[in-house]
Amino acid sequence: MSDAQSPSSMPSASGPVQQPGKPAGARIIAITSGKGGVGKTFVSANLAAALARRGQRVLVLDADLGLANLDVVLNLHPKITLHDVFTGKATLDEAVIAAPGGFSVVLAGSGMVEYSRLTPEVRNQFLSVIETLTPRYDVILLDTGAGISDVVLFSVSLASEVMIVATPEPTSLTDAYAAIKVLAVQQKRQHVRLIVNQAARPGDGRAITSQLQQVLDRFVSTESGKPVRLLHMGDIPVDPTVREAVMRRQLLLLQTPGCPAALAVSQLAGKVEEALLHRAQ
Ligand SMILES: Nc1ncnc2c1ncn2[C@@H]1O[C@H](COP(=O)(O)OP(=O)(O)OP(=O)(O)O)[C@@H](O)[C@H]1O
Ligand SMILES: [Mg+2]
């Protein structure tokens, strides 16, 4: 899907006639990755809580349609999911659930093979869900699946901003590079934001960003001929309390707000707010 068709380019999401700090609709941010299991769902849920604590109206949509697990991390047992909305069994309003942490979620079902392929029905339903939700929130986080499948790329195309989560492992970085390349070429993204999760040392993220940028500069250019820019949003350190929180199915930000990973997510929320939510233009 081209940018021209996506809600991110519609007036409600990016229109210029807005009061400073008061966007007309939600900023839609995709949280995605090349490799799986790098921390997208952890970041989405905890970033949502941190943004909500800052007074933002936040919704997280589980865009990992076939293999959803946001509900697991939040210890929610949804009766109604996006699948019910897509198939007309429930309304979207019924699918919006309050999550611990002061934000809303729309959850997806798991083990649904019908969402492993992008069909016109899924596209249209997804688009209509986003269009309906956009005016109601300040920010919508899309917790996407990993990789560069049609479904993942489509969900990312619905966002005006993309945040790639990567760990310092070479496999994760190789896959992050591949995902960024596809986003630059196929979606004509001029910039992509990077969160380095499970960082071993302070400064890891900056070094990784500049290494990846060098490779992108050499091998990837956007349609305009300009190289795609990688913007470093922050690092989250490797922290055993993250796993403990997931095991207890609790939000890290509520369980241990003072631990290093929670502090890093809070800092990330400040940066997201500053860079993306206070739109003065
Ligand atoms: N900063 C961290 N420190 C330690 N462990 C972490 C950290 N971030 C994530 N993890 C571990 O990685 C696991 C996977 O995280 P998560 O489910 O958020 O990844 P994901 O990218 O959403 O995976 P998938 O691609 O399957 O959707 C977590 O359950 C947690 O145990
Ligand atoms: Mg996930």
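Just a few scattered comments:
- Among residues of the range 140-165 that are modelled with pLDDT under 95, those with a beta-carbon under 6 Å from a residue that is of a type in the set (D, E, K, R) at least six positions away or on a different chain give the pairs Gly145/Asp64.
- Given (1) crowded, with 24+ Cβ neighbours inside 10 Å; (2) over 22 Å from Leu153 (Cα atoms); (3) hydrophobic (A, V, I, L, M, F, W, C); (4) within 16 Å of ligand 2 (Cβ to nearest atom), number of the condition Leu76 does not satisfy: (1)
- For the range 56-66, the count of residues that are surrounded by fewer than 24 Cβ atoms within 10 Å (Cβ to Cβ) and within 16 Å of ligand 1 (Cβ to nearest atom) is nonzero.
- The range 71-96 residues that are touching a residue at least 24 places away in the same chain (Cβ under 8 Å) and under 15 Å from Leu251 (Cα atoms), paired with ones that are of a type outside the set (A, V, I, L, M, F, W, C) and within 16 Å of ligand 1 (Cβ to nearest atom) (beta carbon under 6 Å, 6 or more apart): Val73/Thr41; Asn75/Arg249
- The condition of being more than 16 Å from ligand 2 (Cβ to nearest atom), touching a Phe, Trp or Tyr at 6+ places or on another chain (Cβ under 7 Å) and of a type in the set (S, T, N, Q) holds for only one of Gln125, Gln187, that being Gln125.
- Residue within the range 103-114 that is farther than 24 Å from Gln56 by Cα, surrounded by fewer than 13 Cβ atoms within 10 Å (Cβ to Cβ) and among the hydroxyl-bearing types (Ser, Thr, Tyr) present: no
- Elements of type strands (runs of 3 or more DSSP E) in the range 100-202, at least 1 residues being within 15 Å of ligand 1 (Cβ to nearest atom) and at positive phi: 191-199
- The set of residues in the range 228-254 that are without any contact (Cβ under 8 Å) to a residue 40 or more places away in the chain and away from ligand 1 (no atom under 13 Å from the Cβ) comprises Arg229, His232.
- Residues of the range 185-212 classified as within 25 Å of Leu47 (Cβ to Cβ) and out of contact with any His (no Cβ under 9 Å at 6 or more places or on another chain), total: 16
- Complete set of residues in the range 217-265 that are modelled with pLDDT under 95 and surrounded by 19 or more Cβ atoms within 10 Å (Cβ to Cβ): Val228
- Considering (1) surrounded by 20 or more Cβ atoms within 10 Å (Cβ to Cβ); (2) more than 15 Å from Pro100 (Cα to Cα); (3) more than 13 Å from ligand 2 (Cβ to nearest atom), the lone condition that Thr32 does not fulfil carries the number (3).
- Residue match in the range 186-199 (condition: among the small types (Gly, Ala, Ser) and either modelled with pLDDT under 95 or under 18 Å from the mean Cα position of the chain (by Cα) (or both)): no
The values are calculated or read from the model by the stated rules, or taken from the named source; none is laboratory data. Nothing here was measured: the structure is a model prediction, and the numbers come from that model. Cβ: placed from backbone, ideal geometry, glycine included. Neighbour counts: every protein chain shown.
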